[in-house]
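Novice: There's a structure below that I have some questions on.
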Amino acid sequence: MDEKQQTPNNLIHEASPYLVQHAYNPVDWYPWGDEAFAKAVAEDKPIFLSIGYSTCHWCHVMAHESFEDEGAAAVLNAGFVSIKVDREQRPDIDEVYMSVCQAMTGSGGWPLSIFMTADKKPFFAGTYLPTQSAYGRVGFIELCTNILRLWDDDRQSLLKNSAAIIDHLSKQRTQSGAPVDTEVLINRGYSNLKGSFDSTYGGFSQSPKFPSPHNILFLLQYSKAKGDAAALHMAEHTLVQMYRGGIYDHIGGGFSRYSTDGEWLVPHFEKMLYDNAMHLLAYSEAFSLTKNQVYKPIIDGIATYVLRDMRSSSGGFYSAEDADSEGEEGRFYVFGYDELEAALSLDELRLLEQNFGVSRQGNFEGTNILHIMGRGDDCGAILQKLYDVRDKRIRPFKDTKISISWNGLMIEALCRAGEVTGNRDYIDSAKKAVDFILEKARENGELFGIHKDGAQPTKAFLADYANFANGLIALYLATTELAYLKEAKSLAVHMVSLFWEDEQNRFYMTRKGDKELFVRPKDEYDGAMPSGTSCAIRCLGSLVKLTGDADLSGMFDKAVAAFLSTAASIPSAFVHFLSSLFDNTVVHRQVIITANKDNDEARSVYNRLLKEYRPFTTLIFYDGSAQAKAIFPELSRYDASKPFAAYVCENFACQSPIYSPVELIKQLGLAAE
């Protein structure tokens, strides 16, 4: 590294670990901000915008090939103002320019490469670009050189498509006036999933194969609502096949981002917090519904990984771990056969061959990715030996920023895992994360989006409010601590005031008055993770069922009605939203337990009911306190002075009070534990 590379660029003081990774590139990077745009105006230069994230393999490849290359850097530094953006820190910027890329090229992905004017208007978009032209693909240096020539000699030609793209993206999606039948829409979403289901390996695509746990959650609900065995089979078959494949880390726990093949064997080795949160929730709900013991070690494996490797000392959860270590993808996770011979006895190696498919030739570039071929539960001690060996290796890079949105997903998942397994440590961990966020990532009632020690917090988006509020609701249910439900309701009210637009009749990703980008982005499709809009609607629905708040009820109905026609266009792209519609078609039940909060018998039966799969039942523990009366005003008539009473209500009618926990369990049709 020469003297120039030893001098950091403008990214050196950024909060994002991804940006700091590029601080010693020879490219004169700027973070997104006024300084970069002012420089572009003053020097009449176009802007090169590069968007990626810390655990993106091809982002690293392009960085090594182009951004660490003196020749490419010289072209960028001479002719452009270069801006680096972490998509996880600024999902709004990523959403807008990814839409540009998809509109211009028909596809997208990361790294995202955008060329644009100083007023943020794009005129060229692409993804990974090799440094030099080869195999019919234009090289990065040649592309930059051609853009600069056109910028100087024929700028109007260069910019001619920009206005059309911006006009296209700026037009709001029109709402259909035709009514949408919610049951028909739910059934269409189910039919879409059924039509794309891989009956051999599970999942809903071929290769690469993305897990999409929210599809599983929808199928579990569908099976419960409709008594549909096929829906349950699709969910369970996918869950089992994913676990048996290499996408699950059988040595250290947790799931990788996705599988590069159709059999779940070869993962893209990065591990994301949001993926593992959604997987943890899906396996927990499947365990709750089926009582199939195969799911419990998977739940514990995911939770163990997250609590061991992804939790900060303050209680919040880190964002991701990279796919690469020591410059190679998957190096940390795979084993050569000679390594296995050195670490294990002959008998242990034979067991591993029989049960986890290892061989001398390997299944990934001459090495072995462990995947279950036989009985995985026969090899616990062997896997522990391999964990100890692997633990001495150089770990992949860990992105230590704390996303409030992703933490909200993990908080909810840990609460549900704790409820269904009886492991209260999971719930305690969720509580620590919530308390940390309430103390460190909130100011004057407003959330931040990203927290990182020693750095300025970033602004929050719709998903931050929605997912954290859902996490708070889950923590209330797991603990019955009313303060968490009160916080969730306060955040929901704030969320509506910041992100809902009556004129457009929709939620937006960014808050009102935010004019930083040329179009205000939306967060609506349920893609790699559920959308901010789906999660916001789910949050409102949960609060309405718990508190009966009339204002939130009106807001929920309005948001659902407005989003129905959007979801009707491609139901399979809005599956998490469809999960919120079941209450419109399924009879909802409310179970209210009244007792003193420290009544062990009442707490025991409450926790027993939490273990059950109850997507269409609202469970409330009411202790008659002043705080409870304030949050549950409709329950103030209930007398909580008796040792135990329970009220079961369905379809706006309540049955006679039940004064025995045993009788309540019996009336609900549950087996005694």
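Novice: Could you list, in sequence order, the residues of the range 285-298 that are in contact with a Ser or Thr (Cβ under 7 Å, 6 or more places away or on another chain) and either closer than 16 Å to residue 428 by Cα or surrounded by fewer than 17 Cβ atoms within 10 Å (Cβ to Cβ) (or both)? Steps first, answer last, please.
Specialist: In the first step, residues of the range 285-298 are kept if they are in contact with a Ser or Thr (Cβ under 7 Å, 6 or more places away or on another chain); the result is 296.
Within the range 285-298, none qualify.
Novice: If residue 246 satisfies all but one of (1) in a loop (DSSP other than H, G, I, E, B); (2) closer than 16 Å to residue 418 by Cα, what's the number of the condition it fails?
Specialist: (2)
Novice: I'm trying to understand the selection: among the residues of the range 249-280, which are out of contact with any Pro (no Cβ under 6 Å at 6 or more places or on another chain), within 25 Å of residue 470 (Cβ to Cβ) and assigned to a loop (DSSP other than H, G, I, E, B)? Steps first, answer last, please.
Specialist: So the first thing to find is which residues in the range 249-280 are out of contact with any Pro (no Cβ under 6 Å at 6 or more places or on another chain), and the list is 249-255, 257, 261-277, 280.
Checking which are within 25 Å of residue 470 (Cβ to Cβ) leaves us with 253-255, 257, 270-277, 280.
Hits for the range 249-280 are 253, 254, 257, 270.
Novice: While we're here: Quick one: what pairs do we get from the range 622-637, first residue on the phi > 0 side of the Ramachandran plot, second β-branched (Val, Ile, Thr) and not in a loop (DSSP other than H, G, I, E, B), C-beta under 9 Å, 6+ apart or different chains?
Specialist: 624/594
Novice: Let me ask something else. Are any residues in the range 456-490 farther than 15 Å from residue 540 by Cα and either of a type in the set (Gly, Ala, Ser) or surrounded by fewer than 18 Cβ atoms within 10 Å (Cβ to Cβ) (or both), and if so, which ones?
Specialist: 456, 459, 460, 478, 481, 483 - these are the residues of the range 456-490 that are farther than 15 Å from residue 540 by Cα and either of a type in the set (Gly, Ala, Ser) or surrounded by fewer than 18 Cβ atoms within 10 Å (Cβ to Cβ) (or both).
Novice: For the range 487-546, which positions are in contact with a Ser or Thr (Cβ under 7 Å, 6 or more places away or on another chain), under 29 Å from residue 618 (Cα atoms) and not hydroxyl-bearing (Ser, Thr, Tyr)?
Specialist: 489, 507, 523, 524, 526, 537, 538, 541, 544, 545, 546
Novice: Let me ask you something else. Scan the range 97-149 residue by residue and report those that are closer than 11 Å to residue 49 by Cα and in a helix (DSSP H, G or I).
Specialist: 97 - this is the single residue of the range 97-149 that is closer than 11 Å to residue 49 by Cα and in a helix (DSSP H, G or I).
Novice: Do you know which residues across the range 161-201 are at pLDDT 80 or above and small (Gly, Ala, Ser)?
Specialist: Within the range 161-201, 162, 163, 164, 189, 191, 195, 196, 199 qualify.
Novice: Ok, one more. I'd like the residue in the range 410-450 that is in contact (Cβ under 8 Å) with a residue 24 or more places away in the chain, within 23 Å of residue 492 (Cα to Cα) and in a loop (DSSP other than H, G, I, E, B) and, out of all such residues, is nearest to the chain's Cα centre (by Cα).
Specialist: Per the stated criteria, the residue is 449.
Novice: Follow-up question, since we're still on this one. Quick check on residue 554: is it at positive phi and surrounded by fewer than 18 Cβ atoms within 10 Å (Cβ to Cβ)?
Specialist: Details: at positive phi: no; surrounded by fewer than 18 Cβ atoms within 10 Å (Cβ to Cβ): yes.
So residue 554 does not fit the description; no.
Novice: Test residue 139 against the stated conditions and say whether it is surrounded by fewer than 18 Cβ atoms within 10 Å (Cβ to Cβ) and over 18 Å from residue 19 (Cα atoms).
Specialist: yes
Novice: Another question about this same structure. Being without any contact (Cβ under 8 Å) to a residue 24 or more places away in the chain, small (Gly, Ala, Ser) and under 18 Å from residue 458 (Cβ atoms) is the filter here; which residues of the range 490-545 pass it?
Specialist: Within the range 490-545, just 513 meets the criteria.
Novice: Examine the range 555-570 for a residue that is of a type outside the set (S, T, N, Q), touching a residue at least 12 places away in the same chain (Cβ under 8 Å) and in contact with a His (Cβ under 9 Å, 6 or more places away or on another chain), and state whether such a residue exists.
Specialist: no
Novice: Kindly establish whether residue 453 is out of contact with any Phe, Trp or Tyr (no Cβ under 6 Å at 6 or more places or on another chain) and either in a loop (DSSP other than H, G, I, E, B) or buried (at least 21 other Cβ atoms within 10 Å of the Cβ) (or both).
Specialist: Numbers: out of contact with any Phe, Trp or Tyr (no Cβ under 6 Å at 6 or more places or on another chain): yes; either in a loop (DSSP other than H, G, I, E, B) or buried (at least 21 other Cβ atoms within 10 Å of the Cβ) (or both): yes.
Yes; evaluated as a whole, the condition is true for this residue.
Novice: Could I ask something else about it? Exactly one of these conditions fails for residue 509: (1) part of a loop (DSSP other than H, G, I, E, B); (2) closer than 20 Å to residue 317 by Cβ. Give me its number.
Specialist: Among (1) part of a loop (DSSP other than H, G, I, E, B); (2) closer than 20 Å to residue 317 by Cβ, the lone unmet condition for residue 509 is (2).
Novice: Okay, moving on. Can you tell me which residue among 549, 523 is among the acidic types (Asp, Glu), crowded, with 17+ Cβ neighbours inside 10 Å, assigned by TED's automatic domain parsing to the domain that holds residue 461 and in contact with an Asp or Glu (Cβ under 9 Å, 6 or more places away or on another chain)? Break it down into steps so the answer makes sense when it comes.
Specialist: Working: 549 fails: in contact with an Asp or Glu (Cβ under 9 Å, 6 or more places away or on another chain).
Going through 549, 523 in turn, just one is among the acidic types (Asp, Glu), crowded, with 17+ Cβ neighbours inside 10 Å, assigned by TED's automatic domain parsing to the domain that holds residue 461 and in contact with an Asp or Glu (Cβ under 9 Å, 6 or more places away or on another chain): 523.
Novice: For the structure I just gave you, tell me whether residue 613 is surrounded by fewer than 20 Cβ atoms within 10 Å (Cβ to Cβ) and either in a strand (DSSP E or B) or of a type in the set (A, V, I, L, M, F, W, C) (or both). It would help to see each step written out before you state the result.
Specialist: Working: surrounded by fewer than 20 Cβ atoms within 10 Å (Cβ to Cβ): yes; either in a strand (DSSP E or B) or of a type in the set (A, V, I, L, M, F, W, C) (or both): no.
No: the conditions fail for residue 613.
Novice: Still on this structure, I have one more. Just one of the numbered conditions (1) surrounded by 13 or more Cβ atoms within 10 Å (Cβ to Cβ); (2) assigned to a loop (DSSP other than H, G, I, E, B) is not true of residue 386; which one?
Specialist: (2)
The values are calculated or read from the model by the stated rules, or taken from the named source; none is laboratory data. Here the structure is a predicted model, which means the values were calculated and not measured. Heads up, the Cβs are rebuilt from the backbone with ideal geometry, glycines too, and the neighbour counts pull from every protein chain shown.
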